[in-house]
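K.L.:
Mind having a look at this structure? Questions to follow.
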Amino acid sequence: MKARQCPLAETLIISGAHSVGGNTETLVQHVQQNAGPSAEILVLREKRIQHCNGCRTCERTGSCVIDDDMQGIYPLLEHTPSVVLVTPLYFLSVSSVMKQFVDRCQVLYARRYIHKTLIDDAARRGIVIAQGATENQGDFAGISLIARSFFYSIGIRSIRPLFLTDVDKRGDINLIASLDEQLRIILQR
Ligand SMILES: Cc1cc2nc3c(=O)[nH]c(=O)nc-3n(C[C@H](O)[C@H](O)[C@H](O)COP(=O)(O)O)c2cc1C
């Protein structure tokens, strides 16, 4: 899956997939098909994204000192109308590549809460979609909290979740008969 980046895309789909051809990757394809023509995919594992080193420089300057692919991603996170997180459930959390990405958004938190250059935009919306082996919706609580914190940091207050249970073996995601219908509902503006 090739990721393209366009600041004018209506929807940015952020893939936390680790496994090539796994359930998350298939889910991302379904999300793109149901999100309309102006949807771009950002595949995190294909990007150069270092972990946040906790230096707190962003709190003083409003900028991140780490010169990697996040620098090109920040403007997309600040301006794209719809931002969609797609992740597997790994140890009751988002995938590690997605957690690393979320931590790097501390600079956007700093811009919003300290420097006040990033303000909430009621017209923007966030969607979090996760899948995992569990039968229990409650096992997605960690992902729900991380998504809330992430979306608040990038100025999005309106958040819709979709958590898909009983997805484990490769291809299980395609056994959910109502998948596209559920995606259409959650993705509609
Ligand atoms: C490292 C790892 C951790 C996992 N942790 C959980 C978990 O905490 N709860 C759960 O229900 N399933 C867990 N699973 C199962 C995955 O959520 C499930 O197999 C999912 O469909 C994998 O998506 P993928 O094919 O995109 O990797 C885990 C799988 C892996 C590889």
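K.L.:
Looking at residue 10 and the list (1) surrounded by 18 or more Cβ atoms within 10 Å (Cβ to Cβ); (2) over 30 Å from residue 169 (Cβ atoms); (3) touching a strand residue (DSSP E or B) at 6+ places or on another chain (Cβ under 9 Å), which single condition is not satisfied?
P.N.:
Unmet for residue 10, out of (1) surrounded by 18 or more Cβ atoms within 10 Å (Cβ to Cβ); (2) over 30 Å from residue 169 (Cβ atoms); (3) touching a strand residue (DSSP E or B) at 6+ places or on another chain (Cβ under 9 Å): (1).
K.L.:
Then there is this: I need the full set of residues from region 162-189 which are outside any helix (DSSP H, G or I), more than 16 Å from the ligand (Cβ to nearest atom) and either within 19 Å of the chain's Cα centre (by Cα) or under 16 Å from residue 130 (Cα atoms) (or both), in order please.
P.N.:
178, 188, 189
K.L.:
If you take the residues in region 112-131 that are of a type outside the set (S, T, N, Q) and buried (at least 23 other Cβ atoms within 10 Å of the Cβ), which one is nearest to the ligand (Cβ to nearest atom)? Don't jump to the end; show me each part of the working.
P.N.:
First, pick out the residues of region 112-131 that are of a type outside the set (S, T, N, Q): 112-116, 118-130.
From what is left, the residues that are buried (at least 23 other Cβ atoms within 10 Å of the Cβ) are 127-130.
Details: 127: 18, 128: 15, 129: 12, 130: 8 Å.
It comes out as 130.
K.L.:
Then there's this: More than 16 Å from the ligand (Cβ to nearest atom), farther than 20 Å from residue 9 by Cβ and among the polar types (S, T, N, Q): which single residue out of 63, 158, 144, 96 fits that description? Walk me through how you get there before you give the answer.
P.N.:
Values: 158 fails: farther than 20 Å from residue 9 by Cβ; 144 fails: more than 16 Å from the ligand (Cβ to nearest atom); 96 fails: more than 16 Å from the ligand (Cβ to nearest atom).
Result of the check over 63, 158, 144, 96: 63.
K.L.:
Go through region 126-160 and count every residue that is within 23 Å of residue 112 (Cα to Cα), under 13 Å from the mean Cα position of the chain (by Cα) and part of a strand (DSSP E or B).
P.N.:
5
K.L.:
Here's a follow-up. Considering only strands (runs of 3 or more DSSP E) fully contained in region 1-112, which possess at least 1 residues that are more than 22 Å from residue 145 (Cα to Cα) and either touching a residue at least 60 places away in the same chain (Cβ under 8 Å) or in contact with a Lys or Arg (Cβ under 8 Å, 6 or more places away or on another chain) (or both)?
P.N.:
Numbers: elements: 11-15, 39-43, 82-88.
The qualifying strands (runs of 3 or more DSSP E) are 39-43.
K.L.:
Let me ask something additional. Please go through region 79-123 and give me each residue that is among the acidic types (Asp, Glu) and at pLDDT below 95, ordered by number. Can you show your working first?
P.N.:
Residues of region 79-123 that are among the acidic types (Asp, Glu), as a first pass: 103, 120-121.
The answer is 120, 121.
The values are calculated or read from the model by the stated rules, or taken from the named source; none is laboratory data. It should be emphasised that the depicted structure is a prediction, and the values quoted were computed from it without experimental measurement. Cβ sites come from the backbone with ideal geometry, for glycine too, and all protein chains shown count toward neighbours.
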